[in-house]
Amino acid sequence: MARVVFLRAVNVGGTNRCQPAQIAKQLAKFGAVNIGAVGTFVVRENVSESTLRAAISKKLPFKCEIMICPARDIMKLTAKDPFARQPSGANITRFVSVLAKRLRALPPLPLSLPSDGDWLLKIIAIQDKFVLGLYLRQMKTISYLGKIEKLLGVPATTRNWNTILKVAQILSED
């Protein structure tokens, strides 16, 4: 079964530096394909999650959270457009935060930050281990992205919706 790997807090702000393209080459026996510079990989070969996690950990010069999802979960997420009825525009970014594990209880949605007045970040849905939302392109928004983990009580890593669509495209080519 193909899998998708998301590394948390890699190549952000000059910390936890690595070369994802080089890591993908080192994991060629697993059919690893690098997507971007922040640690997103499609793994095409049938490999256990524990074997994959161990192999990636050995390639990193630091410890980080490694989120691994079955490819079918990404395909299910992208099968329908979860953002169809949401606002869009040049100043709005659609995102997906991948959680380290499923939530036991879902918070009331939508969840807007800040909660008073105009939102900078809005969580619109939670599907399995995926938090879907929108944020406005403003400097203050970065601090709200960091609060997702604290609000939900689970480590998370965030990717642009376009990255998730690219992952789905690569998976559909197989």
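The values are calculated or read from the model by the stated rules, or taken from the named source; none is laboratory data. All values reported here derive from a predicted model rather than from experimental measurement. Cβ atoms come from the backbone with ideal geometry, glycine included; neighbour counts cover every protein chain shown. Quick note on the areas: whole protein, heavy atoms, side chains included, nothing else; ligands and nucleic acids left out. Shrake-Rupley method; radii C 1.70, N 1.55, O 1.52, S 1.80 Å.
Taking amide H as placed 1.01 Å from N in the peptide plane, the amide H of GLU65 sits under 5 Å from that of ARG8, each at least 5 places away or on another chain. The accessible-area ordering, largest first, of the residues GLU149, GLU65 stands as GLU65, GLU149, per a 1.4 angstrom probe.
Take every Cα pair under 8 Å whose residues are at least 6 apart in sequence, average their separation, divide by the length of the chain, and the relative contact order is 23 percent. The 1.4 Å probe gives accessible areas that order CYS69, CYS64, largest first, as CYS64, CYS69.
Quick one: grab the alpha carbon gyration tensor of region 29-174, order the square roots of its eigenvalues as a ≥ b ≥ c, and give me rounded if a/c is under 1.5, else prolate or oblate depending on whether a/b is larger than b/c. Prolate, since a/c reaches 1.5 and a/b exceeds b/c. Loop-located trypsin sites (Lys or Arg not before Pro) in region 134-174 (DSSP state not H, G, I, E or B) with no more than 15 neighbouring Cβ atoms inside 10 Å: ARG137, LYS140.
Quantify, in whole percent, the carbon and sulfur part of the accessible surface of the chain (1.4 Å probe; protein heavy atoms only).
50 percent
Summing +1 for each Lys or Arg and -1 for each Asp or Glu, what net charge is found among the other residues whose Cβ lies under 10 Å from the Cβ of ARG102?
Value of the local net charge: +2.
Computed over region 74-174, relative contact order equals 35 percent, with contacts defined as Cα pairs under 8 Å that lie 6+ residues apart.
With contacts taken as Cα pairs under 8 Å and at least 6 residues apart, region 45-132 reaches a relative contact order of 23 percent. Cross-link partners for LYS29 among the lysines, with Cα-Cα distance under 23 Å and sequence neighbours closer than 8 places in the same chain left out: LYS58, LYS59, LYS63, LYS166.
How would THR51, THR163 rank on accessible area, largest to smallest, probe 1.4 Å?
THR51, THR163
Taking the centroid of alpha carbons for each part, region 57-97 and region 111-174 are 8 Å apart. When each of the peptides 73-79, 23-29 is scored by how many other beta carbons lie within 10 Å of its residues on average, the order from highest to lowest is 73-79, 23-29. Taking all protein chains together and rolling a 1.4 Å probe, SER172 ends up with roughly 80 Å² accessible.
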